[in-house]
1. Calculated from DSSP H runs of 4 or more alone, at -39500 (n - 2.57) each and per residue, what is the 222 nm mean residue ellipticity of the chain, nearest 500?
2. What angle do you read, to the nearest 10 degrees and between 0 and 90, between the alpha-carbon axis of helix 71-83 and the longest principal axis of the chain?
3. Compute the distance in nm between two label points, each set 7 Å from the Cα along the Cα-to-Cβ direction, one at Ser98 and one at Glu80.
4. Could you tell me which of the pairs Lys37/Lys63; Lys8/Lys81; Lys8/Lys77; Lys63/Lys119; Lys35/Lys63 are separated by over 25 angstrom between their Cα atoms in the structure shown?
5. What is the dipole size for region 1-86, taken about its Cα centre, with +1 at each Lys and Arg Cβ and -1 at each Asp and Glu Cβ, in debye to the nearest 20?
6. When a footprinting reagent is the concern and you count Cβ atoms within 10 Å, what order do Phe49, Phe105 take, fewest first?
7. Once the Cβ-Cβ distance between Glu30 and Leu124 is put in as r, and R0 is 25 Å, what FRET efficiency do you end up with, to the nearest 0.05?
8. I'm spelling it out carefully: the read-out is volume of the Cα convex hull per residue in Å³, the candidates are (i) 127; (ii) 115; (iii) 183, and one was derived from this structure. Which label?
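Computed from the coordinates by the stated procedures, all read-outs in this text should not be read as laboratory data. All values derive from a computational prediction rather than experimental measurement. Here Cβ is always computed from backbone atoms with ideal geometry, including for glycine, and neighbour counts include all displayed protein chains.
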Amino acid sequence: MAVRSIVKIDEDLCTGCGLCVTPCAEGAIEIVDGKAKVMKEELCDGAGFCLAVCPEGALTVEKRDAPEFDEEAAAIKMAEKLAAGVTLTQKCMNCGRSENDAVLFPARTKGESTWVCVKCLPALIHG
């Protein structure tokens, strides 16, 4: 155990929408009984890509005692998700470019959590 950054999910705020599951490429977050849960703390790298897409603000990153991040276990979990057909790649809500082709930012527009690329961001901001 070591003090490190890890995602915390407020179950009172979580609606179980599942938007946080896909950005967690390591597979630490799953929906269980209608709520998002960090299933294995050693899979959470604490990067927080899941935070910005939560429409309820139920996710935060906190520093606390947690098991060390297990890069090997995370790689295995990612491979399992890919084999099951889960898409791990985010896409721009406007042009469809993937995170492999452009820098993407989490964004909220029209009450929805989504992703937008650098090229489309100015149009989203300025209309």
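1. -4500 deg cm²/dmol
2. Tilt relative to the chain: about 60 degrees.
3. 2.3
4. Beyond 25 Å: Lys63/Lys119.
5. Here region 1-86 has a charge dipole of around 160 debye.
6. Result, fewest neighbours first: Phe105, Phe49.
7. Values: r = 30 Å, r/R0 = 1.20.
The pair Glu30/Leu124 has a calculated efficiency of 0.25.
8. (ii)
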